[in-house]
1. Go through the stretch 24-72 residue by residue and tally those that are away from ligand 1 (no atom under 12 Å from the Cβ) and in a loop (DSSP other than H, G, I, E, B).
2. Kindly list, by first and then second residue, each pair from a residue in the stretch 77-94 that is closer than 13 Å to Glu9 by Cα to a residue that is open to solvent by 50 Å² or more (accessible area, probe 1.4 Å) and within 13 Å of ligand 1 (Cβ to nearest atom), limited to pairs with Cβ atoms under 7 Å and residues at least 6 apart or on different chains.
3. Does the stretch 485-497 include one or more residues that are without any contact (Cβ under 8 Å) to a residue 60 or more places away in the chain, under 16 Å from Leu408 (Cα atoms) and open to solvent by 10 Å² or more (accessible area, probe 1.4 Å)?
4. Here are some conditions: (1) part of a loop (DSSP other than H, G, I, E, B); (2) open to solvent by less than 40 Å² (accessible area, probe 1.4 Å); (3) not aromatic (Phe, Trp, Tyr). Gln115 meets all but one. Which one does it not meet?
5. Of all residues in the stretch 369-426, count the ones that are open to solvent by 70 Å² or more (accessible area, probe 1.4 Å) and of a type in the set (Val, Ile, Thr).
6. Here is a list of conditions, (1) open to solvent by 30 Å² or more (accessible area, probe 1.4 Å); (2) closer than 28 Å to Gly137 by Cβ, and Pro100 meets all of them except one; can you say which number that is?
7. When the residues of the stretch 525-560 are filtered to those that are at pLDDT 80 or above and among the small types (Gly, Ala, Ser), which remaining residue is farthest from Ile501 (Cα to Cα)?
8. What is the residue count in the stretch 53-81 for residues that are of a type in the set (Val, Ile, Thr), at pLDDT below 95 and open to solvent by 40 Å² or more (accessible area, probe 1.4 Å)?
Amino acid sequence: MPIQVLSPEVVSKIAAGEVVERPASVVKELMENSLDAGATQVTVDVVGGGTALLRVSDNGIGIPADEVELAFHRYATSKLATIPDLDAISSLGFRGEALPSIAAVAEISMVSRSQDELAGTFIHLKNGAVMGKTKRGCAPGTTITVRNLFRNVPARLKFLKSITTESGRVSHLVTQYSLAFPEVKFILIIDGRTVFLSPGSGDLRDVLIQVYGLETAKSLLEIRGSGEAVIKVSGLISPPRINRSTRTHLSFFINRRWIQSRTLAYAVEEAYRGMLVTGKHPIAAVNIFLPPQEIDVNVHPTKSEVRFRREHEVFSAVNHEVRATLVEQVTAPPLKIHAVPATALPAEQIPFSNIKAEQKPALLPQEFALAKLPILRVLGQLQGTYIIAEGPDNMYLIDQHAAHERVLFEKIREQQRQRQVEVQGLLEPVAIELTVPQEGFLKAQQEALAEYGFVIEHFGERTYLIRSVPALLKEQNVAQSLIELLDFIAEGAPADWQDRIAISLACHGAVKAGQILSPQEMQGLVQQLEQTTMPQTCPHGRPTMIQLSTSQLEKEFGRR
Ligand code: ADP
Ligand code: MG
C-alpha cells in the first residue's frame, strides 16, 4: 500500500497521545518501522544515551522517492486505510504518527531506497520542516538518523536519567525485540562499541544465549503448547532454580508485538507457586498467538499495552501452559517454603490484625524512626521468623530478617565510609555472564562496587570473573547475588546507587525468614538493632517491628 494520509474519521478512532518520551521510545518506533518493512537485519546505534545521536538502519522494503516527504506528515501511513482495518492490525505501526512526532523534537535525516529503485533519497528535517532533499546512492533499505533529541524541549531533556540508564533502556528494548523476532539479526552499537548481536537464525534459544549466556539459556524449558488451541502459547521459561530478583526478565509477545502486561506476568508467576520463594521471579520469553480480532492494540499511544477480548482465557492459557511445562520438565522436587517474610503475609495473617481498628497497635510512624529502642529482653521466636521480646512497657514482635537488614545496612555504609570493608577473596574466581544493561551498570559502578569489596575482571565478551566479594556474601551464591545487585541498582536513580548497593548486600547477608535462631543469637541481634540509628525500619522502608502496649493487652483481656 502506498503511504497516504488517514481520513479524519479513521484518525478520530486512534488512541492519540505522545509517543516520544525518551530515547528508547524513538528507537522503539524506528525499529517497529524496520520490522514492518520486512527487514532481516536492523542496526541500532546510540551515542550519549541517545540524546546526541540515534540511528536505526534496515534492509527492508524502503520508501519510494515520491513518498519520502509524505512519511513525515501526521497520520500518513502505508499500513492502514479504513476503520475496519483497525480491527485486524497485523503490522506493528498503524498510526502514522512516529516520524512526524520525532521530527518535531529532534533533527532527523533519512536515506531510503525501495527495492526497485536505482538510487536512494536523502531528506533532512529540522523542527519538523524539510531542509533539503536529494538523490543519494545507497543499498536498498532505510537509515534514519536522529540528532539532538529534545534540544528544543528542555523540560523533556531534564526528565531523562543518566546516559547509562538511557542506554540501558535502549539495550533492554533491542533485546526484547530480538526475542520477538529471532529470524532478524539485531546489532546494537553503544558509543561506538558493538554490545549486542543476535544471530538471526530464527531459533529463540539462540537469541537467549546472546542475552543470558550459554549456561542459563541451555537450562531454559520449552513451552510445548497444544497445537490446536485458538490461543497458542510458546516460548522458553526458566526452571525454578534459575531466578531473578526483579520482573525485568519476563517478556511477552502478542502476535510478535512486545507488550507489558501485569496480567500475563501474574499468570506466569502464579504457575511457579510453591516453587519460588517470595521476592524471586522467573526468566520467561512467552509468545502468544491469537486471531488479530481478539485483541485491541489501539488502547495506548505507545502500543505497549493491549486489551484482550477474552482476557480470562488468555490468562488461563498462559498459566496452564507454564504450569504444565514446569510440572512435566522440572525434575528436582519443588521448594518447600517454611515461612514467608512478614511483608508478604496477607492482612489476616499479620499478627494482631484481628484486633479492632482503634486498638490496633500502630506500626511505628516514620517520625519516631530516630527514637532509640529501650533495652529489650528476648522471649522466643515465632514461626522461625519473628522474635518476641519485651521492653519496659511494651511487647515487641521483631521481623528477624528486616531487623538484621537494618543492622547490616548501617554497618556496611559505615565500613564503606571508613574505607574498611571486610573483603573475602575467592579461592577460585567465579565466572558470570551479564546482559548488556547489567554490563552497563557494572562498568558505571565498578569503582563503587570495588569500595564494597567486589573485584571483578573482564574476561571476554560479556563474561566477567569475580575475584573477591564483600565478606558478608561469603556463604552465598556470589554470582547470583551480584546479578541481583546489578538489576536492583538499575532500578534506581544514580544518586541512590551507593545506598542501593548497601541495601542489596544487607538483604543478601541477613538471616532469612524461617531460620531458627538460638536465644543467644536473637539477643545479639536485638542488641545490635538497639545500636542502630533507625531501628524501627529496614533499609527498604518497611517496619522491623510492631509493638503492643501493656495497656492494650489489659484492655483485650478485660482487665481494665
Ligand atoms: P506508521 O508506522 O504508524 O505507519 P510512521 O510515522 O512510523 O507511521 O511511518 C510512516 C510511514 O513511513 C510508514 O507507514 C511506512 O510506509 C514508512 N516507513 C517508515 N519507516 C520505514 C522503514 N524503515 N522502511 C520502510 N518504510 C518506512
Ligand atoms: Mg511506525
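1. Total meeting the criteria: 3.
2. Within 7 Å, the pairs are Ala81/Met1; Ala81/Gln4.
3. From the stretch 485-497, those without any contact (Cβ under 8 Å) to a residue 60 or more places away in the chain are 485-486, 489, 492, 495-497; that's our starting set.
Then keep just the ones that are under 16 Å from Leu408 (Cα atoms); that gives 485.
Narrowing the set further to residues that are open to solvent by 10 Å² or more (accessible area, probe 1.4 Å) leaves none.
For the stretch 485-497, residues without any contact (Cβ under 8 Å) to a residue 60 or more places away in the chain, under 16 Å from Leu408 (Cα atoms) and open to solvent by 10 Å² or more (accessible area, probe 1.4 Å): absent.
4. (2)
5. From the stretch 369-426, those open to solvent by 70 Å² or more (accessible area, probe 1.4 Å) are 370, 372, 375, 377, 379, 383, 390, 392-393, 411, 414, 417-420, 422-423; that's our starting set.
Filter again for of a type in the set (Val, Ile, Thr), leaving 375, 423.
The number of residues fulfilling the criteria is 2.
6. (1)
7. Gly558
8. 0
The values are calculated or read from the model by the stated rules, or taken from the named source; none is laboratory data. Because the structure is a prediction, the values reported are computed rather than measured. As a convention, Cβ positions derive from the backbone with ideal geometry for all residues, glycine included, and neighbour counts pool all protein chains shown. When the accessible area is computed, the model is the full protein with side chains, heavy atoms only, and any ligands, DNA or RNA have been set aside. Shrake-Rupley method; radii C 1.70, N 1.55, O 1.52, S 1.80 Å.
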